[in-house]
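Worksheet for the structure shown next.
Nothing in this text is a laboratory measurement; each read-out follows from the coordinates by a stated rule. This structure is a prediction, so every number in the text was calculated from the model and none was measured. Note that each Cβ is placed from the backbone with ideal geometry, even for glycine, and that neighbours are counted across all protein chains shown.
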Amino acid sequence: MNRPPPLKRIDALIPLSHDHHHGLWLSLKIRSGFKKGIEPVRIKNYTDWFFEEHLLPHFDLEEKYVFPILGNDHELVKRALAEHRKLNRLFTASSDLQRNLVLIEEMLENHIRFEERILFTEIQCVAAPADLQTITTVHSAQNDHRVSVDSWEDTFWKYEG
């Protein structure tokens with residue numbers, strides 16, 4: 001299978017790409033949990049925590065500092081904002097748990113691939129140095145207050161028995 005070559009990311013967006021990497025791991029953990037027959041409520045507990053601790057701050061940074069580089073009327077930004085709203089609804093839904101987790105897994109992965117391959121590529125072509133410095137500063141400040149993605153104790157995705 002031929003894969004596209006890795007994208008060259010500008011320094012200010014690399015930490016956001018690392019956030020995306022953790023989001024892709026979330027999708028993998030959801031898939032793994034279902035394959036292992038883990039109760040959906042255990043998976044949901046983790047996704048709720050991950051959403052609050054990692055995705056919401058990430059979405060906030062993108063929406064306040066990254067997307068405005070292109071402008072909120074730009075078609076790619078409109079798509080990203082719509083996907084953020086859909087993901088927010090899926091993460092906060094309280095019914096049809098298993099279906100919503102499957103949708104989160106699929107949609108989050110597709111959303112991250114879109115942002116990495118298309119949206120961020122466009123943004124880094126037009127971003128001003130001051131915009132990039134702001135992104136770096138804000139992301140760094142956010143990380144000072146975040147709990148590590150590895151701090152969750154119920155590692156259901158590793159469950160063997």
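Observations
- For the range 114-135, the set of residues classified as in contact with a Leu (Cβ under 9 Å, 6 or more places away or on another chain) and β-branched (V, I, T) consists of I118, T121, I123, V126, I135, listed by residue number.
- Residues of the range 111-157 that are free of Cβ contacts under 8 Å to residues at least 24 places away in the same chain, not in a loop (DSSP other than H, G, I, E, B) and not aliphatic (A, V, I, L, M): R113, C125, P129, T137, D150, S151.
- Residue within the range 105-123 that is of a type in the set (F, W, Y), surrounded by 15 or more Cβ atoms within 10 Å (Cβ to Cβ) and closer than 23 Å to I10 by Cα present: yes
- Test result for D96, farther than 15 Å from D11 by Cβ, acidic (D, E), free of Cβ contacts under 8 Å to residues at least 24 places away in the same chain and out of contact with any His (no Cβ under 8 Å at 6 or more places or on another chain): yes
- The residue that is nearest to E153 (Cα to Cα), among those in the range 10-47 that are of a type outside the set (A, V, I, L, M, F, W, C) and in contact with a Phe, Trp or Tyr (Cβ under 7 Å, 6 or more places away or on another chain), is Y46.
- Residues of the range 74-105 that are charged (D, E, K, R) and more than 19 Å from E52 (Cα to Cα): E75, K78, R79, D96, R99.
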